[in-house]
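Taken together, the values in this text are just the output of simple stated rules run on the coordinates, not laboratory data. This one's a predicted model, so the numbers in the text were calculated from it and none came from an experiment. Using ideal geometry, Cβ is built from the backbone for each residue, glycine included, and neighbour counts are taken over all protein chains shown.
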Amino acid sequence: LVSKKWKAERTSIDCGDGVFIKEGDFAIMAGPCSIEGEDNIKRTIDFLVKQGVKFMRGGVYKPRSSPYSFRGMGMDGLKLWYKLAREAGLKIVTEVMQVSQVEPMYDYVDIYQVGARNSQNFNLLDELGKVDKAVMIKRGISGTIEELLFSAEYVFAGGNENLILCERGIRTFENASRNTLDLNAIPILKDKTHLPVVADPSHGIGIRKHVEAMSLASVMAGADGVIFEMHEQPEKAFSDGQQTLNEAEAASLIDKMRKTVALR
Ligand code: PEP
Ligand code: MN
């Protein structure tokens, strides 16, 4: 069902208020790795509104490699964020980690993110097939393109066609970067499916100073959007500070991505 052979026209995701994710309408999603509190939310919102960015990313449920790391603000954080984001007209992209969170989160999210670690959590994918809100599925840490498509198939077959695919880097033998952003996946996915494809260069390379280069490369590879991490003080971020842009870097990247989109 996610194949172009099944559906010829490209899927367009309607996020409400005239905001879409679709080919030809490049989407920028930015925000902290983790939602950290009221000041952090407000500061990010002010920045994004000034930049004309419509999607704010951030985790309130964080899949951390170590159980002792910050694991997110949970529903209280999400509700506060939702209130402030709605006042500012921003859409929320946030990770759902388990089946039991799908329903409580429903009223407070615009795009449910399925993280790399949950890319093959088939129970979660089944559950997300029953909702009518957009779902963005990240590629598994060691997931093939075909496996990502099968994950999407679960949600689509369950009845939810509001799907976005995300290339976020895979684990390879290379350890000079956190992951290896598979730029190849972007044109391949766009060729195989009718779904929008978003790139996540922050997790893809994991090194702040190289996020810009990989973002622009993703744009030229045909991505329909880019999701990246930013923070007012990356060195103080609760998670993923090493790959998080500051406001000046984020502003510069947004400007360059828009100019790059115009070139393709
Ligand atoms: C994130 O977006 O912060 C995240 C945890 O991503 P991933 O699932 O790709 O590691
Ligand atoms: Mn992160």
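Where residues in the range 186-206 are within 16 Å of ligand 1 (Cβ to nearest atom) and of a type in the set (A, V, I, L, M, F, W, C), which of them is surrounded by the most Cβ atoms within 10 Å (Cβ to Cβ)? Here the answer is 199.
For residue 174, the stated conditions hold: it is assigned to a loop (DSSP other than H, G, I, E, B) and out of contact with any Leu (no Cβ under 7 Å at 6 or more places or on another chain). The number of residues in the range 98-148 being part of a loop (DSSP other than H, G, I, E, B) and either within 13 Å of ligand 1 (Cβ to nearest atom) or touching a Gly at 6+ places or on another chain (Cβ under 7 Å) (or both) comes to 11.
Selection of the range 49-74 for residues being surrounded by 14 or more Cβ atoms within 10 Å (Cβ to Cβ) and in a helix (DSSP H, G or I) yields 49, 51, 74. The residues in the range 42-63 that are more than 16 Å from ligand 1 (Cβ to nearest atom) and either touching a strand residue (DSSP E or B) at 6+ places or on another chain (Cβ under 9 Å) or on the phi > 0 side of the Ramachandran plot (or both) can be counted, and the count is 7. Every condition in (1) surrounded by 14 or more Cβ atoms within 10 Å (Cβ to Cβ); (2) within 16 Å of ligand 1 (Cβ to nearest atom); (3) in a loop (DSSP other than H, G, I, E, B) holds for residue 94 except the one numbered (3).
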